[in-house]
Every structure is written in structure tokens, then in C-alpha cells.
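Enquirer: Would you mind keeping the following structure in view while I ask a few things?
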Amino acid sequence: MNTEAQKSSILVVDDDPTNLKLVNEILKGDYKVFLAPSGERALVFLETRIPDLILLDLEMPGMNGYDVIKKLKQTPAWKDIPVIFLTGQEGRDKEQEALDLGAVDYVLKPITVGILRSRVALHIELAQYRKSLESMVDERTTQLRRTQDTILDILASMTSFRDNETGAHIKRTTIYAQMLLEKLRKSGHADYQIEQAYADSIVKAAKLHDIGKVAVPDNILLKPARLSEAEFEMIKQHTVFGALIIDNAMEELGDTSDFLSVAREIIISHHEKWDGRGYPNQLAGKDIPISGRIMAIADVYDALISHRPYKPSYTHDVAVKTILQDAGTHFDPTLVELTKDEIMQFDAIARQHIDEKYTEWS
């Protein structure tokens with residue numbers, strides 16, 4: 001026998017006090033039973049408590065059973081509560097109408113004790129099984145998401161292990177991109193309506209923007225001096241190499257998910273320039289995906305403030321001034337204008353996530 005705290009709860013809705021008393025006597029030993037003498041009172045009850053099952057009379061004055069279940073199915077918090085109709089009306093048409101409205105079962109009056117108990121027990125068990133299954137799916141989905149995020153972090157760190165850039169660079173640029181996205185979403189600008197799912201994919205994929213550098217030879221990638229023209233042409237190919245890595249992954253996995261598509265977008269386009277003089281495809285203006293335009297600002301800012309063996313670090317003010325001056329040539333001018341305040345706050349992120357290799361920040 002379940003304890004009172006463990007008992008499933010049932011709301012019985014019927015305008016006949018005799019029926020309410022009867023159903024209560026039949027079920028109260030095994031369930032927590034709540035009684036409502038009308039459809040209106042049932043909805044008031046549901047505002048404060050969600051039962052595991054509803055037994056609902058069809059024919060009631062005022063709001064009848066059909067009206068109640070329509071309201072239940074229109075309300076997100078109530079739509080999944082299983083409903084068993086109770087009625088004295090016979091006929092397949094009535095039964096089918098109740099089921100079409102979303103009832104899980106149909107019990108005729110006068111109520112038979114054994115039938116009521118068996119139907120209630122069956123649907124309580126089914127509801128508990130459904131909840132358990134949903135919980136298992138949610139748990140597995142959470143575990144899968146954590147695994148994917150871990151693999152993503154590992155892939156992102158591959159670049160920092162081989163490059164003069166650092167893991168902190170990846171962290172900083174990801175946060176910069178997130179700041180820009182949040183401002184764009186709040187701006188309400190007609191040309192920058194970004195759905196939350198797309199924004200989330202951009203933030204995750206930002207970590208992979210330079211993954212193609214794993215295919216660049218060490219003597220070029222790690223060269224402690226300025227690159228020759230030929231060497232720079234090879235470095236530029238990291239955008240193509242990175243896109244190929246994603247293409248191969250999508251083909252191998254048979255995966256055309258939004259996340260991998262966005263990752264490819266960022267990888268291949270974050271060095272394109274608004275005026276068409278970027279690489280690898282010389283895209284211009286709005287032909288450059290918004291993800292690439294956002295990543296361009298984040299990446300260039302961080303490159304400017306970062307010390308490298310072949311260049312000094314520039315101050316935050318110089319980096320911001322460069323981005324503002326290059327709006328319309330290197331960067332999307334409207335994007336820069338809409339997010340100018342956020343760009344001016346990048347220094348707080350840079351101070352918080354300092355390079356592991358270079359502890360000084362100017």
C-alpha cells in the first residue's frame with residue numbers, strides 16, 4: 001500500500017453529489033482524491049495543483065465536460081493530464097467524440113466498481129510510464145549534449161596546442177561573439193533578426209573558427225617572424241581546410257545538423273571582408289553569412305590586443321578605433337554601429353581571460 005505522500009492524485013469533476021461521493025469511496029483508499037462539483041471549479045483547482053488523472057463528467061450545467069477538455073488541451077500546463085470521461089450516455093458517436101477531443105478512456109454510468117478501479121489503475125500506470133520515459137529521454141539528451149560539448153572543446157583546443165594563439169583566445173572570441181549576438185537580438189533591426197537556436201549554434205561553433213590550422217605545416221604556423229607572401233597564402237587556406245574537416249564529418253556521420261552547418265559557415269567566412277577583399281572566396285556585403293561577419297569582429301579585435309612573437313600587442317583603444325575605422329571596408333558597418341557599445345566593453349573580457357603564455361596585457 002502506498003503512503004499518502006506516494007499516492008497518485010485524481011480530480012473528479014461531476015455536478016451530482018451522489019456520484020462524487022461514490023467515486024471518492026471507491027478510490028480514496030488507493031489515491032488522493034479531489035472533488036469538483038463543476039467544470040468552472042475544476043479549472044480553479046487546476047490553477048494551484050496538477051493531478052495525475054481527471055475523471056470528468058460529460059453532462060454538466062454551465063461548462064460541460066466537452067468545454068473543460070477543450071480548455072485543458074489549449075493550456076500547456078494541463079494538456080498532458082489524462083482524462084477519463086464519465087457519462088450516462090451510450091452510443092459510439094459520444095464515445096468517439098470524447099476520444100477525438102483527447103480523452104484516454106470512456107466509462108459509462110452507472111459506475112461499476114471493478115471497471116472504474118481497473119481503468120483508473122491502467123491509466124495511472126500508463127501516465128507514470130510516460131513520465132518515466134520522458135525523464136529518461138531528457139537525461140540521455142543532457143548526457144549527449146554534455147558529450148558533444150566536451151568533444152567540441154577538445155577539437156577547439158587542438159588548434160591552440162599547435163598555434164601561437166592560446167586557449168584563452170578561443171574563450172575570449174567566443175564570449176565576444178556571444179555579446180555581439182545578444183545585442184543584435186535586442187536591437188530589433190529588421191536585417192538582423194536572429195533566432196535563438198541559430199545564435200546558440202554560432203556561440204558553440206565560434207570555438208572551431210580556426211580548426212583548419214591543424215592542417216597548416218608547423219614551419220609556417222609556428223614561424224616566429226612575419227610570413228612571406230607564399231607562406232601567408234598557405235595560412236589563408238586554413239579556412240578551406242577547416243571547411244573540409246566539417247564536410248568530411250558531415251559525410252561520415254550523415255549529419256546535416258544546423259550546428260555543423262553553422263560551424264562550416266564561420267570557419268569558411270570569418271576572414272571575408274565587407275568590401276570583397278577578404279578570403280577565401282572574396283565574398284562581399286551581405287553575401288557573407290552573419291555568423292562570419294560577427295566572428296570577423298571578435299577575431300580581429302583579439303588578434304590586435306594579443307602579443308605574438310612577430311608582433312606587439314595593441315591597446316584596447318587602438319583595437320576599437322581600428323574596427324570603427326574599418327567599418328564599411330573590413331566589417332559590416334551596420335553591425336559595427338549596432339554593437340559599438342559591446343565592442344567597447346571587450347577589454348573587460350580580455351582582462352578576465354588572459355593568455356596562458358603571455359601574462360601581461362596592455
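The values are calculated or read from the model by the stated rules, or taken from the named source; none is laboratory data. Given the structure is predicted, the values throughout are model-derived calculations rather than measurements. Here the Cβ positions follow ideal geometry from the backbone for every residue, glycine too, while neighbour counts run over all protein chains shown. Calculation scope for accessible area: heavy atoms of the full protein, side chains included, ligands and nucleic acids excluded. Shrake-Rupley method; radii C 1.70, N 1.55, O 1.52, S 1.80 Å.
Enquirer: So what are the ³J(HN,Hα) numbers for the range 102-107, from phi and the Karplus equation (6.51, -1.76, 1.60; θ = phi - 60°), rounded to whole Hz, Gly and Pro as x?
Expert: Values, residue by residue: x, 5, 8, 6, 8, 10 Hz.
Enquirer: In Å², what does the accessible area per residue of the range 1-122 work out to with a 1.4 Å probe?
Expert: 51 Å²
Enquirer: Listed highest first by mean packing, meaning other Cβ atoms within 10 Å per residue, what order do 111-121, 336-346 come in?
Expert: For the peptides 111-121, 336-346, the packing ranking is 336-346, 111-121.
Enquirer: Summing +1 for each Lys or Arg and -1 for each Asp or Glu, what net charge is found among the other residues whose Cβ lies under 11 Å from the Cβ of Ile297?
Expert: -3
Enquirer: May I ask you to derive the relative contact order of the chain, considering only C-alpha pairs under 8 Å and at least 6 residues apart, and to give it as an integer percent?
Expert: 12 percent
Enquirer: Placing unit charges on C-beta atoms (Lys and Arg positive, Asp and Glu negative, everything else neutral), compute the dipole magnitude of the chain about its Cα centre in debye, rounded to 20.
Expert: Charge dipole of the chain: 600 debye, to the nearest 20.
Enquirer: At 222 nm, what value in deg cm²/dmol follows for the chain if DSSP H runs of at least 4 each add -39500 (n - 2.57) and the sum is divided by all its residues, to the nearest 500?
Expert: After summing the helix terms and dividing by the residues of the chain, the value is -17500 deg cm²/dmol.
Enquirer: Past the 20 angstrom mark, what percentage of all C-alpha to C-alpha distances in the range 264-362 do you count?
Expert: 39 percent
Enquirer: While we're here: What is the range 9-77 by shape, rounded, prolate or oblate, if you read a ≥ b ≥ c off the alpha carbon gyration tensor as root eigenvalues and call it rounded for a/c under 1.5, prolate for a/b larger than b/c, and oblate otherwise?
Expert: Note, shape of the range 9-77 comes out oblate.
Enquirer: In addition: Averaging over all projection directions, find the projected area of the Cα convex hull of the chain and quote it in nm² with one decimal place.
Expert: Averaging across all directions leaves 25.6 nm² for the Cα convex hull.
Enquirer: Okay, next question. Counting only DSSP beta bridges with both residues in the chain, what percent are antiparallel, rounded to the nearest 5?
Expert: Around 5 percent antiparallel, to the nearest 5.
Enquirer: Considering Cα pairs under 8 angstrom that are at least six residues apart, work out the relative contact order of the range 211-281 and quote it in whole percent.
Expert: With pairs under 8 Å counted, the relative contact order is 32 percent.
Enquirer: For Glu134, what accessible area in Å² do you get when you roll a 1.4 Å probe over the heavy atoms of the protein chains, rounding to the nearest 10?
Expert: 90 Å²
Enquirer: So what is the relative contact order of the range 260-351, in percent, for Cα pairs below 8 Å that sit 6 or more residues apart?
Expert: 24 percent
Enquirer: If you look for lysine pairs in the range 184-292 that are eight or more places apart or on different chains, how many of them have Cα atoms under 22 Å apart?
Expert: Lysine pairs meeting both conditions in the range 184-292 amount to 12.
Enquirer: Membrane-span-like helices in the chain: DSSP H runs reaching 24 Å or more (Cα, own axis), mean Kyte hydropathy at least -0.5?
Expert: 113-162, 167-187
Enquirer: Sticking with this one: When the chain is treated as a GNM, springs tying every alpha-carbon pair under 10 Å, which of Pro333, Pro312, Pro61 comes out with the largest mean-square fluctuation?
Expert: Pro61
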